[in-house]
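Enquirer: Just passing along the structure, written as structure tokens.
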Amino acid sequence: MRGRFITLEGLDGAGKSTHLIHLVDRLRKQGKTVVQTREPGGTPLGEKLRTLLLSEPMHLETEALLMFAARREHLAQVIVPALERGDWVVCDRFTDASFAYQGGGRGLALSKLATLERWVQGDLDPDLTLLFDVETDIALGRVQQMNRELDRFEQEKKEFFDRVRSAYLDRARQNPARVRVIDGRRTIAEIQKELEEITITLCE
Ligand code: ADP
Ligand code: TYD
């Protein structure tokens, strides 16, 4: 049986990394073999593209094309083989991030992103996407508190992230059966409780 494909999305600072670890742990305790991965990245070539994407200034279409190039490699080398083995895949960001950051944030035409989406993914979509939603100020405040060097995206202005958030919420409205919006303003413990309920339902 094909495994399940779960993606986590949200603004930088929304809580994806925090909850990904917990989610993977819960799924493993339920007996699933889980491949934990991330985008951009997840393969040796993808990680090289990630380094470029997070540091080098580039045209917005180059940025979108490199995101999807890394994704093509990731699907071919990691995601599809894992799902075919029956493993579960939990991925920190996927195509919704391209619609949110390159589409919403940078203003790239959504029709171009939709073409890349179908070209690169064929008919493979995540089974479930958890969208951690918080106000931009909260997310940016959390990133700043971490006191680490900011990458090329994290250095963007609040207005950029407002557009990213709104594009994420549009994607959720357009894909209600796949995308579950998680209220990321609550405490970590409260969110974990909701995720536990989700994993129990998923594993039934
Ligand atoms: P992301 O992976 O979405 O960028 P992280 O999981 O790295 O976000 O979280 C960013 C920071 O915010 C971390 O210091 C984390 O401990 C903190 N954080 C995450 N979720 C919450 C929450 N619900 N309430 C308060 N702080 C949180
Ligand atoms: P992320 O791994 O969440 O960053 P961090 O490790 O700092 O938490 O993602 C890196 C950045 O890449 C993030 O700011 C969003 C951006 N991104 C896009 O712009 N488009 C995409 O398609 C993806 C997957 C990520």
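The values are calculated or read from the model by the stated rules, or taken from the named source; none is laboratory data. Computed from a predicted structure; not experimentally measured. Ideal geometry is used to build each Cβ from the backbone, glycine not excepted, and the neighbour counts take in all protein chains shown. In case anyone asks, the SASA skips ligands and DNA or RNA and just uses the protein heavy atoms, side chains included. Shrake-Rupley method; radii C 1.70, N 1.55, O 1.52, S 1.80 Å.
Enquirer: Taking the condition on the phi < 0 side of the Ramachandran plot, away from ligand 1 (no atom under 16 Å from the Cβ), surrounded by fewer than 20 Cβ atoms within 10 Å (Cβ to Cβ) and modelled with pLDDT of 95 or more, does GLU135 pass?
Expert: no
Enquirer: Hey, among the residues in segment 1-36 that are of a type in the set (A, V, I, L, M) and open to solvent by 70 Å² or more (accessible area, probe 1.4 Å), which one's nearest to ligand 1 (Cβ to nearest atom)? Before the answer, list the steps.
Expert: Step one: filter segment 1-36 for residues of a type in the set (A, V, I, L, M), giving 1, 6, 8, 11, 14, 20-21, 23-24, 27, 34-35.
Imposing the further condition that a residue be open to solvent by 70 Å² or more (accessible area, probe 1.4 Å) reduces the set to 1, 21.
Numbers: MET1: 30, ILE21: 9 Å.
Step by step, filter segment 1-36, then rank; the result is ILE21.
Enquirer: Filter segment 76-94 for residues that are within 19 Å of ARG2 (Cα to Cα) and of a type in the set (Asp, Glu); which is most open to solvent (accessible area, probe 1.4 Å)?
Expert: Among residues in segment 76-94 that are within 19 Å of ARG2 (Cα to Cα) and of a type in the set (Asp, Glu), the one most open to solvent (accessible area, probe 1.4 Å) is GLU84.
Enquirer: Still on this structure, I have one more. Just checking, which of GLU73, GLU39, GLU63, GLU47 is in contact with a helix residue (DSSP H, G or I) (Cβ under 9 Å, 6 or more places away or on another chain), within 20 Å of TRP119 (Cα to Cα) and open to solvent by 20 Å² or more (accessible area, probe 1.4 Å)?
Expert: Only one candidate passes the filter, namely GLU73.
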